Amino acid sequence: MDTRRSDHWALAAAFFIVLPVQYYLVWIEWYGLYSIFIPVYAFLLLPILVVLLGDTRRFLVRVAEVQWALMVCVFCISHVPALLSLKYPASRGETFCSSLFS
């Protein structure tokens with residue numbers, strides 16, 4: 001990725017704020033928020049962090065790379081544990097994962 005010094009705050013926010021919050025939302029099974037947290041809120045806040053630092057050289061390319069890396073590496077992967085918490089109709093309240101290992 002073509003990152004500049006001003007992108008480090010956005011990358012730090014992605015790794016140390018967005019990543020733990022996303023997995024916490026999956027852990028507490030707050031579907032309404034973890035399904036839109038990264039595509040809506042992180043996609044709006046990360047470019048704002050970059051702009052506040054004032055570096056506009058290749059802004060769109062740099063922000064797009066950070067955003068889509070976050071989308072693939074965090075958002076899509078975080079749905080794997082989310083799938084394990086789904087309840088299916090014949091389960092009598094069990095999760096998919098608990099029914100596999102019982």
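Readers should treat all values here as calculations from the given coordinates under stated rules, not as data from a laboratory. Owing to the predicted nature of the structure, the values given are computational and were not obtained by experimental measurement. Note that we place each Cβ from the backbone using ideal geometry, even for glycine, and neighbour counts take in every protein chain shown.
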Under 13 Å from a point 7 Å along the Cα-to-Cβ line of residue 17: which residues of segment 41-75 have their amide N that close?
41-53
Just how far, in whole angstrom, is segment 1-33 from segment 42-88 if you go by their alpha carbon centroids?
7 Å
